[in-house]
1. Need pairs with beta-carbon distance below 6 Å; first residue free of Cβ contacts under 8 Å to residues at least 40 places away in the same chain and within the stretch 32-60, second of a type in the set (D, E, K, R); sequence gap 6+ or separate chains.
2. Can you tell me which residue within the stretch 1-40, out of those that are at pLDDT below 75 and within 30 Å of Ser66 (Cβ to Cβ), is surrounded by the most Cβ atoms within 10 Å (Cβ to Cβ)?
3. Which of (1) touching a residue at least 60 places away in the same chain (Cβ under 8 Å); (2) among the charged types (D, E, K, R); (3) touching a strand residue (DSSP E or B) at 6+ places or on another chain (Cβ under 6 Å) does Lys24 not meet, given it meets every other one?
4. What single numbered condition from (1) outside any strand (DSSP E or B); (2) at pLDDT 85 or above fails to hold for Tyr48?
5. Being modelled with pLDDT under 80, farther than 19 Å from Lys30 by Cβ and not hydrophobic (A, V, I, L, M, F, W, C) is the filter here, so list the residues in the stretch 61-94 that pass it.
6. So Pro82 ticks every box in (1) assigned to a helix (DSSP H, G or I); (2) surrounded by 18 or more Cβ atoms within 10 Å (Cβ to Cβ) but one. Which box is left unticked?
Amino acid sequence: MEQANPLLAAQDQKTAEVQELQEKVIAALKTCYDPEIPVDIWELGLIYELKFDLEKNLVIVMTLTSPMCPVAESLPVDASEPLCFVDPVGFNFLYLHWNIQMTAVRTRIRESRF
């Protein structure tokens, strides 16, 4: 029987602590801008998932505006750097996902998704 990977297992219950941590992470992500578009990566809709495990390690699933994006190498690094200063986030893992379709709904400014 396969055991679930605890690092990727999202918490089922959102505690006040996890909600506060998510808000800190989102604030950090909002400091990263796509250099070609004057909108931060959160509001642009490039971040699709934030998951925390029980040790407060963070997994982020994001995409770029295009696989041929000129900042495809640097934007994920730019996105993860401010997360190093979010306390008490442990390790953070950022995965690029290319099968997500960009739509007007995805790119609108949103109140909260998580």
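1. Pairs found: Tyr33/Asp40; Asp40/Lys30; Trp42/Lys30.
2. The selected residue is Leu7.
3. (3)
4. Failing condition for Tyr48: (1).
5. Selection gives Ser66, Pro67, Pro88, Gly90.
6. (2)
The values are calculated or read from the model by the stated rules, or taken from the named source; none is laboratory data. This one's a predicted model, so the numbers in the text were calculated from it and none came from an experiment. Heads up, the Cβs are rebuilt from the backbone with ideal geometry, glycines too, and the neighbour counts pull from every protein chain shown.
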